[in-house]
Amino acid sequence: MAYWLMKSEPEAFGWNDLVRDGKTEWDGVRNHAAANHLRAMAVGDEALFYHSGKGPEAVAVMRVSRAARPDGSDGNWVSVEVVPLAPLPAPVTLKAMKAEPALADLPILRQSRLSVAPVSDAEWKTIQEMAHRAKG
DNA sequence: GCCAACGTTGGC
DNA sequence: GCCAACGTTGGC
């Protein structure tokens, strides 16, 4: 199973919206690198829901419930379906991630505009631990 | 094929 | 609100 991180502006579509809807089509990705990550997702993979914009932070975990398929737009863009799993015990802020040496290679820290990115097993574990620690 | 101009995203 | 990073477009 692979891990991912997916960004959305909460004003447009946030974690609460996903919980309310029960599932969502993760579409609108118009960046080839990010789209390739969507294509690499398998059902059962888990992804951090990351709120971009003001006070950027990872807030929850969701699960990929359907692999990538064409999203119906022009071109070869794809979407996946995701379902909510659970909120993190406490949000993990971008600031905290930047301050954590174990996350130095996290793709979103190296390329802030990448909206869908892989997270390694070790990085995932680190972020989970940070979330538990932040809860206190 | 190169590069300047422009638009978008996202952090601060 | 501003700016940096990045991608795309269009002129040459």
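The values are calculated or read from the model by the stated rules, or taken from the named source; none is laboratory data. Keep in mind that what you see is a predicted model, and the values were worked out from it rather than measured. Glycine gets a Cβ as well: all are built from the backbone with ideal geometry, and neighbour counts include every protein chain shown. Surface accessibility is based on the protein's heavy atoms, side chains included, excluding ligands, DNA and RNA. Shrake-Rupley method; radii C 1.70, N 1.55, O 1.52, S 1.80 Å.
What to note about this one:
- Of the criteria (1) under 14 Å from the mean Cα position of the chain (by Cα); (2) in contact (Cβ under 8 Å) with a residue 60 or more places away in the chain, which one A:GLU25 fails: (2)
- Single residue of the range A:82-107 satisfying the filter (part of a helix (DSSP H, G or I) and open to solvent by 10 Å² or more (accessible area, probe 1.4 Å)) that is farthest from A:LYS135 (Cα to Cα): A:PRO107
- Just one of (1) open to solvent by less than 40 Å² (accessible area, probe 1.4 Å); (2) over 20 Å from A:ASP105 (Cβ atoms); (3) out of contact with any strand residue (DSSP E or B) (no Cβ under 6 Å at 6 or more places or on another chain) fails for A:LEU38. It is (3).
- Failed item, numbered, when A:LYS7 is tested on (1) in a strand (DSSP E or B); (2) more than 11 Å from DNA strand B (Cβ to nearest atom): (2)
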